[in-house]
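First up is the structure itself, then whatever we jot down about it.
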Amino acid sequence: MTANFEPGLYDDLFGTDAMRALFSDPRRIAYMLEAEAALARAEAKVGLVPAEAAAAITSAAQSLVPDIHALREGTAKTGQPITALIRALAEATGPEAGLWVHWGATTQDIVDTALVLQLREALAAIEADLVGLISALADRAEQHRDTVMIGRTFQQQALPVTLGYKCALWLAPFVDHLARLEELRPRLLRVQLGGPVGTLDSFGDNGRAVVEAFAQELGLGVPEAPWHSRRDSLVEFVAVLGLIAGNLAKFAGDIVLMAQTEVGEVAEPVEPGRGGSSSMPHKRNPVQAAHIRAAASSIQAQVAPMMTAMAGEHERAAGAWQSEALALPQAVILTAGALAQADDLARRFTVDTERMRANLGGTNTEAALDPAAHLGDAGGVVDRVVARARAAVAARTGPPTEE
């Protein structure tokens, strides 16, 4: 997988340095070498590879610093980096032990398993970011449980709600998304090992034992069948990122509308130079919200090519699964960035309660005179959503400590 993100002017708005590093060439190669070493150890456990060779392969894999340019040239010739990488690993391992490098495997076994190792780390980071955003929105929902403002339908003034109620509606789907990521973990985090066509023919009667040992070495799950020609677990992961993106866009879009000059109910954090215009110094543009929305549209655009990649021909596709290298890293990197921006925005957006009170009387005099009479179950919504959010966060981080 390749991220195709070079350091640039927009790095602080799209993506995070940590996630870009995770999908960099050095990290990707390190995961491939980890998979190759684990495969050798698994085969040694089953008795197919000499233990001394497996140890030598592991040592070489841990110390090898491949020539990135040579791997890039090899990738251009073969369509994948594994051929050049295993040649380098075999040379580093030595003439005898090197003969056992990549024994019985095929390129996609290593590429897919290395990808899963990447995604395990990416998934943990995204879950942690979601937990942070959930905590921030839960805090704001509680803080503004009784902050009355006008509700709007079709962008027209309707009946009163509270800002806490709006925060709760922003919050609720992110709790669901956290559960979705937890649910897909066992389907996503599995090794891939099948050999040329997935039948493990090189291993004879030991095929299943090698797969199980390989998974144990890497701390991954064992699939019931090879998944080199079925990509639904990867698609499911990116589809959930698309759902997360949709709700991030909803949150950011509401902030944009509420921050309009004519509305003025909220604003992005006040900082020198933030949201400035080159020609209109009086403006405070909602920069964070705008870029969350921009990232969300690009994240969702990656779902379609991932789904298209499911229609691979026979036992290995010619062009379908290869397209994942373009779509998947971008979806993950942009999601990490959008979550980071949203977390900061949720914690620090400012609220103008006077403008909220003034806007209550825009078209509905009765609502303005007695807004509490029209709030219905708004407070109950806040209480229930926040309680579920707190429970979800506590399940992953433990209960909050007393100050």
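No value in this document is a laboratory result; all are computed from the given coordinates. Keep in mind the model is a prediction, meaning the values are calculated, not measured. Here Cβ is always computed from backbone atoms with ideal geometry, including for glycine, and neighbour counts include all displayed protein chains.
Counting Cα-Cα pairs of the stretch 48-151 in 10 Å increments starting at 0 gives whole-percent bin shares of 13, 28, 22, 11, 10, 9, 6, 1. Of all aspartates and glutamates in the structure, those lying under 16 Å Cα to Cα from residue 77, and not within fewer than 8 positions of it along the same chain, are 67. Computed packing ranks the peptides 40-48, 100-108, 194-202 as 100-108, 40-48, 194-202, most packed first, by mean other Cβ atoms within 10 Å. Anything in the chain that counts as a DSSP H helix reaching 27 Å or more along its axis (C-alpha) with Kyte-Doolittle mean of at least 0.0? List them, would you? Helices meeting the span and hydropathy rule in the chain are 107-143, 163-188, 232-258, 324-348, 378-397.
With contacts taken as Cα pairs under 8 Å and at least 6 residues apart, the stretch 103-171 reaches a relative contact order of 26 percent. The stretch 194-340 gives an Rg/Rh value of 1.21, both radii derived from C-alpha positions and Rh following Kirkwood.
Once C-alpha pairs closer than 8 Å and six or more residues apart are averaged by separation and normalised to the residue number of the chain, the relative contact order reads 22 percent. Normalised by residue number, the volume inside the convex hull of the Cα atoms of the chain is 176 Å³ per residue.
Normalising the average separation of contacting C-alpha pairs (under 8 angstrom, six or more residues apart) by the number of residues puts the relative contact order of the stretch 4-109 at 23 percent.
Dividing the summed -39500 (n - 2.57) terms of all DSSP H runs of n ≥ 4 by the residue count of the chain sets its mean residue ellipticity at 222 nm at -20000 deg cm²/dmol.
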